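The values are calculated or read from the model by the stated rules, or taken from the named source; none is laboratory data. For clarity, every value in this text was computed on a predicted model and none was experimentally measured. Note: ideal-geometry Cβ built from the backbone for every residue, glycine included; neighbour counts use all protein chains shown.
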Amino acid sequence: MEDTGHNHMDKTTSRDEELAEQRRLAGEYVPAYDGLLVSQKLSTELIHEEYATGDIAYQVKTSNLSKDFGFFRKIRGDGNCGFRAFYFGLLEVLIELGDENLLKAQKTRFNEVNGLLVRSGVDSIIWEDWVEATNRLLNLLISTKHKEERLEALFTAFNNEDDMSDEHSRELLTHLRFLISYHIKENPEQYKHFVPDGSIDAYCSSLETVSAEMDEVSLTAAHNMLSSAAGINIEVLYLDRSIGNSVTRHKWEPEKEKVRGVITMLFRPGHYDLAYPRENAPS
Amino acid sequence: MASNRARRMRKEIADIHSDDVSKITVSHGDDIMHLKGSFQGPPGTPYEGGTYVIDISIPQEYPFRPPIMKFDTKVWHPNVSSQTGAICLDTLSSAWSPVLTVKSALLSLQSLLSTPEPNDPQDAEVAKMLKERPKEFDRVAAEWANKYAGAPRKDRGESSGGATEESMRRKARKSKEEEEAERVAQYGGYNERMIDDFVSMGFDRDRVVAAFDFVGIDNNGGEWYEMEEAYMGDITARLLGEP
């Protein structure tokens, strides 16, 4: 029994060390809000408090941020934060709209873009589990009848750490990551002017590694593929040292005139969280 | 969800077993998350003919984390520790992608043996030798391949001694051929010594060759022979501008 206890301790320690290493690699300090991959909605006052003794530019901007955006969700910064924020944010907005048909349409949209995986020539044994993870989640959300329960199911799926691992949510995020990469590869003309040295190949091989973060090119691709047609807009709030008293806001317009909802992502250099506007906030 | 990992591993293993072109093998005991893989040393390298065994552990987070691999077979290579078999290869760390497989990782290792990268070494001593004494590197790598990986012993000076040495020999051979061609062109196919006998008298070599042509000297396939005096006189006369 002593051995078992010892091994367990070793495992825990190594897992902790691993997480510490991931955080170090993410190049940022992740406050221990609640240890989740996607946190509950938290007051943006917490962000302001983070900078209480920090840079004055951040103090001013975070103070103003909380006036217009009351809440945020802390997204785990493990290299997947941008993908995690976008994917969670998209489904959350669709659920909040309260129309089951929007979820069904999103499932159809995913199944259409899954053709990218088939056409990539990569053996289906590699990606079928990722496709299945997305289908399983959307089926669950569709079959769940109440908004609150759907949100709970979404929250659980994205925080799934089955078997000491977050494999389920990793499958979801890897699905999104490869859809983005293959979408860019199939549409080089649309993206080549925005990637380093105009090299789609180099950009995508990097995007397909486990440590590549989402950037504006991949966010744009995700939007073009999955949210624009759904009438969902993306807005990014840039919190950095640039001139001004407020975060810099940038919107990706949807393809349809009618905007049904907005995914608001809070960007700090190297990291994405989700933010939620106050009802009376200017849009 | 851990069953997905097991399912994928079983498929990957089946895929390797059904491929008899790449000569990649994997085997395992009860635990399919701990395997032994093997591949052949690439042709044209000091590792040719050797069989390299790799210890493979599939981490809990596979395929979102790379398989953990190390050489069981001792190998003399700058990107592999000569002591522990630890490997320095970006594919197995930061450049790992979940679309890669155990098989593609083994193929990457095989390819690493053909493309040593001494500027990003795992083993500094080996890297230093490759950079400073490539012939010795090839010799030691081949010796280790023979001793640990079962490669046939290389007969130095006859068969290939390794990538570096072989390429140097190719280069030497090539320049010898070039020299030969150049010489033949310069001496017009005549024997060097026979031409040089006249050159040493103070005539330009090209003019001597032209004179040989004019008089119609037998080149004898480039071999030396005793030239008849009459011919020698004709050549001299030609060279001196006499009619």
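B:CYS88 meets the conditions (1) at pLDDT below 95; (2) farther than 22 Å from B:MET129 by Cα; (3) away from chain A (no Cβ under 14 Å) in every case but one. The failed one is (2).
Just one of the listed residues (B:SER81, B:SER3, B:SER22) is assigned by TED's automatic domain parsing to the domain that holds B:ALA151 and closer than 22 Å to B:ASP138 by Cβ, and it is B:SER81.
Answer with yes or no whether B:LEU130 is closer than 16 Å to B:THR51 by Cα and either in contact (Cβ under 8 Å) with a residue 24 or more places away in the chain or away from chain A (no Cβ under 14 Å) (or both). No, not satisfied.
The residue that is nearest to B:ALA237 (Cα to Cα), among those in the stretch B:177-200 that are aliphatic (A, V, I, L, M) and touching a residue at least 24 places away in the same chain (Cβ under 8 Å), is B:MET194. From the list B:PRO63, B:PRO67, the one residue that fits, being at pLDDT below 95 and either in contact with a helix residue (DSSP H, G or I) (Cβ under 9 Å, 6 or more places away or on another chain) or assigned by TED's automatic domain parsing to the domain that holds B:ALA141 (or both), is B:PRO63. Scan the stretch B:13-24 and tell me whether some residue there is without any contact (Cβ under 8 Å) to a residue 12 or more places away in the chain, aliphatic (A, V, I, L, M), under 30 Å from A:LEU137 (Cα atoms) and surrounded by fewer than 22 Cβ atoms within 10 Å (Cβ to Cβ). Checked the stretch B:13-24: at least one residue is without any contact (Cβ under 8 Å) to a residue 12 or more places away in the chain, aliphatic (A, V, I, L, M), under 30 Å from A:LEU137 (Cα atoms) and surrounded by fewer than 22 Cβ atoms within 10 Å (Cβ to Cβ). Where helices (runs of 4 or more DSSP H) sit wholly within the stretch B:176-243, none has at least 2 residues that are in contact with an Asp or Glu (Cβ under 7 Å, 6 or more places away or on another chain).
Counting only strands (runs of 3 or more DSSP E) wholly contained in the stretch B:1-82, no element carries 1 or more residues that are farther than 21 Å from B:VAL99 by Cα and within 14 Å of another protein chain (Cβ to nearest Cβ). Only one of the numbered conditions (1) of a type in the set (A, V, I, L, M, F, W, C); (2) modelled with pLDDT under 85; (3) buried (at least 18 other Cβ atoms within 10 Å of the Cβ); (4) within 21 Å of B:LEU239 (Cβ to Cβ) is not met by B:ALA163, and that is (4). Scanning the stretch A:70-81 for residues that are crowded, with 20+ Cβ neighbours inside 10 Å and either in contact with a Gly (Cβ under 8 Å, 6 or more places away or on another chain) or part of a strand (DSSP E or B) (or both) returns A:PHE72, A:ARG73, A:LYS74, A:ILE75, A:GLY77. With respect to the numbered conditions (1) within 14 Å of chain A (Cβ to nearest Cβ); (2) touching a helix residue (DSSP H, G or I) at 6+ places or on another chain (Cβ under 8 Å); (3) polar (S, T, N, Q), which one is the sole condition not fulfilled by B:SER94? Result: B:SER94 passes all but (2).
Among residues of the stretch B:97-111 being in contact with a helix residue (DSSP H, G or I) (Cβ under 9 Å, 6 or more places away or on another chain) and more than 14 Å from every other protein chain (Cβ to nearest Cβ), the one that is nearest to B:GLY37 (Cα to Cα) is B:LEU106. When A:ALA281 is tested against (1) modelled with pLDDT of 95 or more; (2) farther than 29 Å from A:ASN187 by Cα, exactly one condition is not met: (1). Is at least one residue of the stretch A:69-76 more than 14 Å from chain B (Cβ to nearest Cβ) and under 21 Å from A:SER181 (Cβ atoms)? Yes: the stretch A:69-76 contains one or more residues that are more than 14 Å from chain B (Cβ to nearest Cβ) and under 21 Å from A:SER181 (Cβ atoms). Within the stretch A:223-247, being over 30 Å from A:HIS48 (Cα atoms) and either of a type in the set (A, V, I, L, M, F, W, C) or in a loop (DSSP other than H, G, I, E, B) (or both) holds for A:MET225, A:LEU226, A:ALA229, A:ALA230, A:GLY231.
Tallying residues that are farther than 15 Å from A:ALA275 by Cβ and out of contact with any strand residue (DSSP E or B) (no Cβ under 8 Å at 6 or more places or on another chain) within the stretch A:217-258 yields 17.
Taken together, A:ALA222, A:ALA230, A:ALA212 contain a single residue that is within 17 Å of A:SER181 (Cβ to Cβ) and away from every other protein chain (no Cβ under 14 Å), which is A:ALA222. Checking each residue in the stretch A:145-183 for being modelled with pLDDT of 95 or more, over 15 Å from the mean Cα position of the chain (by Cα) and surrounded by 18 or more Cβ atoms within 10 Å (Cβ to Cβ) picks out A:ARG150, A:SER181, A:TYR182, A:HIS183. Does any residue of the stretch A:265-283 turn out to be part of a loop (DSSP other than H, G, I, E, B) and crowded, with 17+ Cβ neighbours inside 10 Å? Checked the stretch A:265-283: no residue is part of a loop (DSSP other than H, G, I, E, B) and crowded, with 17+ Cβ neighbours inside 10 Å. Taken over the stretch B:70-104, the criterion of being buried (at least 20 other Cβ atoms within 10 Å of the Cβ) and within 25 Å of B:ALA14 (Cα to Cα) is satisfied by B:PHE71, B:THR73, B:THR91, B:TRP96, B:SER97, B:PRO98, B:LEU100, B:THR101, B:VAL102.
Test B:GLY150 against the criterion of being modelled with pLDDT of 70 or more, assigned by TED's automatic domain parsing to the domain that holds B:VAL80 and not in a helix (DSSP H, G or I), and give yes or no. Yes; evaluated as a whole, the condition is true for this residue. Looking at (1) within 19 Å of A:GLU171 (Cα to Cα); (2) more than 22 Å from the chain's Cα centre (by Cα); (3) modelled with pLDDT of 95 or more, can you tell me which one A:ILE125 breaks? All conditions pass for A:ILE125, except number (3).
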